[in-house]
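In what follows, a structure is listed as C-alpha cells, so that the remarks can point back to it.
Values in this text are rule-based calculations from the coordinates and carry no lab data. A quick note: this is a predicted structure, and the numbers were derived from the prediction, not measured.
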Amino acid sequence: MHNENEHVEKIVQKIQKLLALSNSPNENEAAVALKKARELMLKHHIEQMDLDAAVSGEKFEIKNFPVKYPWMLSFWGTVCRNHRCEVYLQTIRERNAKVRYEAVVYGYPFDIECVAIMMDYIIHALKVGIQNIRKEIRNDNPYADTTGIANTYRVAFLKGLEIAFEEQQMEDARFALMCVTPKEVKEEYNKLTLKTITPLKPINVNRYTEDVISAGKRDGYNAAKNRQIEA
C-alpha cells in the first residue's frame with residue numbers, strides 16, 4: 001500500500017510539473033506539456049481537483065444557496081457542470097405555507113465560490129437583458145404584447161451559455177479539465193435520488209420571437225466567454 005501511494009504521488013508530481021510547463025511562452029512546448037498532462041490524468045484516473053487536494057488537503061463541501069425561482073436551477077446546473085460541481089434544487093415549505101427554494105451545491109470550496117460568483121453575474125445579466133429587449137420592442141411598438149419574452153430570452157441565454165462553454169472546452173484543454181467533476185463529489189452526489197430537471201421551454205412571442213432568441217443567445221454566449229481561469 002505504501003509503494004502504491006508513493007507511485008501515485010510521483011505521478012501527481014509529474015503532472016503538476018507538466019501543467020506548470022503548459023504556461024511556457026513557447027506555444028509548442030506548452031501544448032505538448034498540456035497534452036501529456038491530460039493523458040497521464042486520464043490513464044491514472046487522476047482529476048484536476050485531486051491535484052489540488054494533494055497540495056491543499058481540502059475536502060469537498062455541500063453548500064446551500066437561496067433560489068428565488070425554480071427555473072434558475074437550469075442555470076445552476078449548467079454553471080456547476082462547467083465548474084466541477086453538482087447541484088440539486090431543495091424545496092422548503094414554511095409554517096405559513098409559503099415555499100422557498102435552495103440550490104444545494106456539491107464541490108470543492110474554490111469551485112463553489114466560482115459557481116456563486118458566476119451565478120450572481122448571470123442573474124444580473126438576465127435581468128438587464130430582459131429589460132433591454134422589452135425596451136427595444138416597446139420603442140418599436142408601444143402597444144406590443146411582451147407576454148412570454150422573459151422565459152424565451154432565458155431559454156436562448158442558457159443555450160448561448162452552453163455553446164460558449166462547449167467551445168471553450170474544444171479550444172483549450174484547460175477548460176475541459178476544469179469541467180471534470182472530482183470522484184468524491186460525484187460519489188456523494190450519486191447517493192441522492194433526484195428527479196430530472198425540467199428544462200426551460202420558450203414561449204412564442206409573436207413577431208418578436210426571433211429578436212428575443214437572438215439577443216438571449218448572444219448575451220448568454222458573451223457571459224460564458226467572460227469567464228477566466230488559471231491553469
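Do any of LYS191/LYS217; LYS36/LYS63; LYS98/LYS183; LYS98/LYS186; LYS36/LYS59; LYS10/LYS225 go past 30 Å between their Cα atoms, and which?
Working: LYS191/LYS217 35 Å; LYS36/LYS63 34 Å; LYS98/LYS183 37 Å; LYS98/LYS186 32 Å; LYS36/LYS59 27 Å; LYS10/LYS225 35 Å.
The answer is LYS191/LYS217; LYS36/LYS63; LYS98/LYS183; LYS98/LYS186; LYS10/LYS225.
Report Rg(Cα)/(2.2 N^0.38 Å) for the stretch 98-152, keeping two decimals. Before the final figure, lay out each step's value.
Numbers: Rg = 16.6 Å, N = 55, 2.2 N^0.38 = 10.1 Å.
Its radius of gyration relative to the 2.2 N^0.38 Å reference: 1.64.
Give the dimensionless ratio obtained when the Cα radius of gyration of the stretch 57-129 is divided by 2.2 N^0.38 Å. Intermediate values should be presented prior to the final figure.
Working: Rg = 12.9 Å, N = 73, 2.2 N^0.38 = 11.2 Å.
So the stretch 57-129 has a normalised radius of gyration of 1.15.
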